[in-house]
Each structure stands twice: as C-alpha cells, then as structure tokens.
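See below for the structure under consideration.
What follows is calculated from the coordinates using simple rules that are stated; it is not laboratory data. Predicted model, so just to flag it, every value in this text is computed and none were measured. Ideal geometry is used to build each Cβ from the backbone, glycine not excepted, and the neighbour counts take in all protein chains shown.
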Amino acid sequence: MLVSQLSKLYGYIPEIECVHVEPCHKGNNGIWDILGYYESVPKLIHICEPEIHKCVDDIKKIRLREFGRLEDDMSSIVLESSVRELVRLHEHCHALLHTCSFKGFTAPNHKWYSSLSPDICEPLVEFISRVLVEFVNNNILKRIFDFIDNKAPPYYKRWIELMNIFIKRNLKDPSGYIPGIVSVLREEGKLKNFEHAKKVIEERWEDINAMSIAFNLSMFKD
Ligand SMILES: [Zn+2]
C-alpha cells in the first residue's frame with residue numbers, strides 16, 4: 001500500500017524483497033534497520049519477520065499496560081500489518097534514494113549512495129518515509145511510525161529538522177519536493193555530514209522548487 005505510493009508519485013520501480021523467517025540479528029543498527037534492512041549490492045530488501053513479531057508484541061504490551069486493552073481500531077492483525085508496511089516503506093525508501101531515476105529526471109548514482117554515512121542516509125530515508133505516511137494520512141500508520149521512531153537513535157530522528165524546513169515555509173505536503181531534494185543532493189556529490197545535506201537543501205531551495213515542478217508536470221502529462 002505505502003510502497004505502491006512511491007511508484008505512483010515518483011516512478012520508483014520496487015527492488016526485490018527477501019522475507020526472513022529466522023531472526024536476522026542486525027543488532028548494531030537503529031530500530032527500522034533491525035526490523036528489515038537494505039543491501040545496496042545486490043539491491044535487495046530484507047524483511048525480518050521474527051523481529052517484526054517482537055516489535056508488535058512490544059507495542060501490544062505497552063498498549064495493554066496503558067489502556068488495559070488494544071484500541072478498537074488497532075487489532076493484532078492491523079497492528080502487525082501496519083508495522084510490516086512501515087518497515088517495507090523504510091527499506092524501499094533506501095532503495096529509492098539509491099536506484100530511482102524519477103522517470104529519467106535524475107540519474108541514480110551507486111557511488112553517491114554508498115558514500116552516504118548512516119547519519120546522513122537514515123534521517124533522509126526517515127524523512128521520505130514520514131512524508132509518505134503523512135501523504136496517505138492514515139492515523140494508525142502515523143501512531144505506529146511515532147512509536148517505532150521513538151525507539152530509533154537520535155540521528156534517525158533528525159528527519160524532523162528536514163520537516164521543519166517545510167513547516168517554516170508553510171508547506172504542508174512535502175511529497176512533491178522529494179524529486180528535487182534527491183536531485184540536488186546527488187548533484188552535490190559526497191556529503192560531509194547531515195548539516196551539509198541540510199545546507200544544500202536550504203541554499204538550493206529555488207532549484208528544488210523548479211525541479212520538483214518540472215517533475216510533477218511531467219508525471220501529470222503521463
Ligand atoms: Zn534505514
């Protein structure tokens with residue numbers, strides 16, 4: 001559901017998913033990349049079912065402790081499907097940053113993607129992911145996103161700083177600007193740190209705006 005929005009909005013061609021039924025033990029990463037992970041070579045998305053089940057159980061325990069029951073709109077099956085959808089979205093956003101050409105608008109660059117350190121890559125991925133969650137405007141997905149995001153290391157949560165750039169400009173829906181953002185960041189080449197990425201976005205705002213309008217018009221024509 002969420003991943004299909006990446007295709008609809010950006011012309012993203014989904015990479016292959018590999019579903020693990022045995023624990024993945026990806027203990028050194030932030031929560032999103034423990035529940036799943038993306039391998040840029042050979043462009044493979046991993047979904048870690050045992051870790052997802054554990055996360056669902058943790059959410060259930062907290063909900064039961066807080067409310068004495070699961071809320072009516074958050075049954076076990078809805079909860080589990082939502083966590084899985086959000087993990088898939090996170091990993092496909094990694095792949096989008098790596099491989100999406102935005103319909104030929106900006107060339108994917110493996111060297112550039114591989115050069116991104118986690119403190120740059122993860123907040124960017126979380127930003128794109130959260131923008132999509134806002135775009136579909138589903139309250140359960142927003143609540144579960146927040147729950148998982150709260151467990152993520154602080155550098156993951158710097159997506160909020162990117163969201164603030166839009167709030168400052170009174171722009172409620174950043175989804176149309178993702179092609180421009182990815183494009184200027186790829187053009188910049190190696191990014192030193194997250195501050196550098198933010199500076200490029202702020203300083204090249206006019207380019208982002210123009211590129212995003214051009215991309216969205218070309219999608220509209222299709
Ligand atoms: Zn990640």
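Pairs exceeding a 27 Å alpha-carbon distance, out of K157/K199; K61/K151; K61/K168; K43/K190; K172/K198: K61/K168.
In loop segments of the stretch 64-117 as defined by DSSP, the GluC sites (Glu not before Pro) with at most 14 further C-beta atoms inside 10 Å of their C-beta are E71. Basic side chains Lys and Arg get +1 at the Cβ, acidic Asp and Glu get -1 at the Cβ, and with that the dipole of the chain about its Cα centre reaches some 300 debye. As I understand it, the value is the acute angle between the Cα axis of helix 139-149 and the longest principal axis of the Cα atoms of the chain; what does it come to in degrees, rounded to 10? With rounding to tens, the tilt is 90 degrees. Maximal additional length on extending the R65-I13 stretch stands at 14.6 nm, based on 0.36 nm per residue less the C-alpha distance.
Count neighbours as other Cβ atoms within 10 Å of each site's Cβ, and list the trypsin sites (Lys or Arg not before Pro) in the stretch 54-122 that are DSSP loop with at most 12 such neighbours.
R69
I want the local charge near C24. Using Cβ-Cβ distances under 13 Å, sum +1 for each Lys or Arg and -1 for each Asp or Glu among the other residues. Summing Lys/Arg as +1 and Asp/Glu as -1 gives -4.
Across the chain, the convex hull enclosing all Cα atoms gives 127 Å³ per residue. Note on the stretch 2-221: dipole from Cβ charges, positive end direction compared against I62, V78, G180; the farthest Cα belongs to G180.
The stretch 166-222 and the stretch 45-91 have Cα centres lying 32 Å from one another. Take the Cα of N139, step 7 Å along the line toward its Cβ, and report every residue of the stretch 40-75 whose backbone nitrogen sits under 13 Å from that point. 71-74, by backbone N distance to the label point. Here the calculated FRET efficiency for V21 and K103, from their Cβ-Cβ distance with R0 = 30 Å, stands at 0.25, rounded to the nearest 0.05. The C-alpha atoms of the chain define a longest principal axis, and helix 118-136 lies at about 80 degrees to it.
When cysteine pairs in the chain are screened for C-beta atoms closer than 4.7 angstrom, the residues that find no partner are C18, C55, C93, C100, C121. Under 17 Å from the 7 Å Cα→Cβ point of F220, by amide nitrogen: which residues of the stretch 1-36? Of the residues in the stretch 1-36, 9-11 have backbone N under 17 Å from the label point off F220.
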